[in-house]
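Shown next, in structure tokens, is the structure this report addresses.
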Amino acid sequence: MMIAQKSFKFLIGIFVFLTSFTYAGEHKTGEHEAHGEAHKEEVHAEGPVDTKEEIDAYIKHHLQDAHDFTFFTDGETGKHYGFSLPIILWDKEAGLQMFSSSKFHHGETVAESNGNFYKYYHGKIYNSDAEGTITYDENHNVQNYRPLDFSITKNVVGTLLAALLLLLAFGSLAKSYKKSQVPGGLKGGLEQLVMFVRDEIAIPNIGKEKHRKFMGYLLTVFFLVLTLNMLGLTPLGFNVTGNIAVTAALALFTFFITQFKGNKDYWKHIFWMPGAPWPMKLVLAPIEVLGMFTKPFSLMVRMFANMTAGHSVLMSLIALVILLKAQFGTVGSTGISLVLSLFIFVIELLVAYLQAFVFTMLSSLFIGIAVEEHAHDDHH
Amino acid sequence: MYNLIGAGLIVIGAGIGLGQIGGKAMEGIARQPEAAGKIQTAMLIIGALLEGLAFGALILGK
């Protein structure tokens, strides 16, 4: 399995490359004061989480993207175990800045890089000065400039990890075809999934003649969403598909493919629906144009909401261990939370697969509508 | 408070829709067990569309 071995070395190489940034920027050895008490403006999601507000803040923090990878935080000492991810900024005047996010020390200090100062405030990075002042206008909006943020955040790491896993899996599957037509074991399952996408999703919607051109995109979307959803269920704390920017990008891909591959019949059906009386044609045109945009929009919202809601419910049920400790004791509350979380986890596995399936199915449906050849006699 | 009433109404709507779909799918499978695969697939698709609506409304409301 030479491809698998080479990809494995590549994986290790990437991992080492990323962690080397922490040594580049690390000043202290990661000691922080315990953040047990809540701040005035926000409840910090560190230290022991006991109250409902702290749990809410913890869940909210873990649903969002982050510039560092915290595996867990020691309750008493407040020490974080994890590693910081590199921050890559494009400042308008100063150009490209790269440094480790450990310079921010979780938002406490101002990071300095080549003479420019940046402040990390509420999850975003702003230009600032040595003291880290944030100027507000009258509606309490931040006035500081923001550099373009190209950092390697947790979502980027998650997507790269999913891409590497897929390369590994499909590389070894492709290699096994040299030996025999029938792959064995888990690779056979992968082949079944590919055939499922082709026979149940692509061919019924796009048609037998044209589906081959779009199989690359459909397979990519299906397996990428499936892998990312499954990654979100691991304890590593990923939430890639629950981020509306990620799903917006995927929905944009579908949108552009349908627009650029639409043939004359497709555009005719949108702007001048054949087979209807002409007042109806005028009424239908704006509705169809609106439909052109709402369909990918619904793709985006559907996956984002499903994934975020699932992760939120799962984390809330796990937090039941803390909330029910007073009434049922530690063992009782852990038992209840375990049973409920297990149920929700199995449902989330189904939802992970279902969302991948539905996204791919609807994408293929839209593509099929766009490239469909009608046998017209000017009569629908 | 009105948030919660709205959320409840959304869930009622989604529940009615999914219940109808599930019921008709069950009837269809009972009539023709060999078409069970296709009916199941169609049921899942429409279920996901409905859920998308419900979740979209929840997100817009919150």
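Any read-out appearing in this document is the output of simple, stated calculations on the displayed coordinates, not a laboratory observation. This structure is a prediction, so every number in the text was calculated from the model and none was measured. Reconstructed Cβ throughout: ideal geometry from the backbone, glycine too, with neighbour counts over all protein chains shown.
Rounded, prolate or oblate: which fits region A:295-380, taking a ≥ b ≥ c as square roots of the Cα gyration tensor eigenvalues, rounded meaning a/c under 1.5, else prolate when a/b beats b/c? Don't skip to the answer; put the middle values down first.
On the way: a/c = 6.30, a/b = 4.30, b/c = 1.46.
Here region A:295-380 falls in the prolate category.
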Practice item. Using only the Cα atoms of region A:106-256, build the gyration tensor, take square roots of its eigenvalues as a ≥ b ≥ c, and label the shape rounded, prolate or oblate: rounded if a/c is under 1.5, else prolate if a/b is larger than b/c, else oblate. Key: prolate
Review point. Once you charge only the Cβ atoms, +1 for Lys and Arg and -1 for Asp and Glu, what is the size of the charge dipole of region A:244-380 about its Cα centre, to the nearest 20 debye?
Key: 420
**Study point:** Selection from A:His62, A:Val331, A:Gly232 lying farthest towards where the dipole of the protein assembly as shown points positive, charges on Cβ
**Key:** A:Gly232
Revision key, fill the gap. Counted neighbours (other Cβ, 10 Å), sorted fewest up, put A:Val331, A:Val221, A:Val246 in the order A:Val331, A:Val221, A:Val246
Exercise for review: Kindly write out, for region A:278-288 in residue order, the coupling ³J(HN,Hα) from the Karplus curve 6.51 cos²θ - 1.76 cosθ + 1.60 (θ = phi - 60°), rounded to whole Hz, with x marking Gly and Pro.
Suggested key: 4, x, 5, 4, 5, 6, 6, 4, x, 5, 5
Exercise for review: Quick one: which residues, 5 or more positions from A:Ser151 or on another chain, have an amide H under 5 Å from its amide H? H modelled 1.01 Å from N in the peptide plane, none for Pro or chain starts.
Suggested key: A:Ile88
Revision key, fill the gap. Whole-Hz Karplus couplings 3J(HN,Hα) for region A:204-220, θ = phi - 60° and coefficients 6.51, -1.76, 1.60, Gly and Pro as x, run x, 8, 9, x, 5, 7, 9, 6, 4, 5, 9, 5, x, 5, 5, 5, 4
Review point. Rounded to the nearest 500, what is chain B's calculated 222 nm mean residue ellipticity when only DSSP H runs of at least 4 contribute -39500 (n - 2.57) each, over all residues?
Key: -32500 deg cm²/dmol
Check your understanding: Arranged by the count of other C-beta atoms within 10 angstrom, fewest first, what order do A:His122, A:His140 take?
Key -> A:His140, A:His122
Practice item. Specify the angular offset, from 0 to 90 degrees and rounded to the nearest 10, of the alpha carbon long axis of helix B:2-31 from the longest principal axis of the alpha carbons in chain B. Key: 0
Check your understanding: Residue by residue through region A:154-171, which ³J(HN,Hα) values in whole Hz follow from phi under the Karplus form 6.51 cos²θ - 1.76 cosθ + 1.60 (θ = phi - 60°), with glycine and proline marked x?
Key -> 4, 5, 5, 4, x, 5, 5, 5, 4, 4, 5, 4, 5, 4, 4, 5, 6, x
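How big is the dipole moment of the protein assembly as shown about its Cα centre under a simple scheme where the beta carbon of each Lys and Arg is +1, that of each Asp and Glu is -1, and everything else is neutral? Debye, nearest 20, please. Could you put the intermediate results ahead of the total?
Numbers: 33 positive and 38 negative charges, 409 e Å.
The calculation lands at about 1960 debye.
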Point to revise | region A:88-124: GluC sites (Glu not before Pro) in DSSP loop, at most 15 other beta carbons within 10 Å | key: A:Glu93, A:Glu108
Exercise for review: List the residues whose amide H sits under 5 Å from the amide H of A:Arg146, counting only those 5 or more places along or on another chain, with H placed 1.01 Å from N in the peptide plane.
Suggested key: A:Asn127
Study note, to complete from the structure: Under 5 Å from the placed amide H of A:Ser84, counting only residues 5+ away or on other chains, we find A:Phe69
Study note, to complete from the structure: Relative to chain B, whose Cα atoms define the longest principal axis, helix B:36-61 and its Cα axis are tilted in degrees, nearest 10, by 0
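For region B:15-61, rounded, prolate or oblate, judged on the Cα gyration tensor with a ≥ b ≥ c (square roots of eigenvalues), a/c < 1.5 rounded, else prolate if a/b > b/c?
Numbers: a/c = 6.98, a/b = 2.55, b/c = 2.74.
It comes out oblate by the Cα gyration axes.
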